[in-house]
Amino acid sequence: QGTSSLVGFVAPDLQNEFYATAARAVSMHCQQRGLQLVLAGRDLGLLDALQARAAALEATDRLRYVGRPDDDGLADWYRRAGVMAYPSMYEGFGLPVLEALACGTPVVASDAASIPEVTGDAAVLLPPPRRGETSEGRTP
């Protein structure tokens, strides 16, 4: 398809702030650079907010939800991705992060739970938002 991808994940603990940030990233950066935000995992009802924000930003063509791919399909997405984003705050082990790294995909993840132990210095780690903060870091 000729389009580079970003791969993110839908997980039960992701806060809506992630989706707001992702929608802005798709709009501001991805369209200019021909990137696509690919989300994989279970749809736990949080995708509606991202799809609505993407539509408001006229960026729905840069958002793709692929459901729960099998192991081979997931590995293929990792290899095609420019970066894997994993903003989980309550990760038990960090298997998706480890899988992406094993496929040679750069990772940006939360500096939370077990993720720093799993990645060591192989990923870019960012502090998760504190409760009550928006994606811009201000309280509403």
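Some points to look at:
- Simple label model, 7 Å out from Cα along Cβ direction - residue 126 to residue 93, nm: 2.7
- Accessible surface calculations at 1.4 Å, restricted to protein heavy atoms, place the stretch 45-129 at 54 Å² per residue.
- Close amide H partners of residue 90, meaning residues 5 or more places away or on another chain with modelled amide H under 5 Å apart, do not exist here.
The values are calculated or read from the model by the stated rules, or taken from the named source; none is laboratory data. Fair warning: this is a prediction, and the values are worked out from it, not measured in the lab. Because the Cβ atoms are built from the backbone with ideal geometry, glycine has one as well, and the counts that use them run over all protein chains shown. We work out accessible area using only protein heavy atoms, side chains counted, and drop any ligands, DNA or RNA first. Shrake-Rupley method; radii C 1.70, N 1.55, O 1.52, S 1.80 Å.
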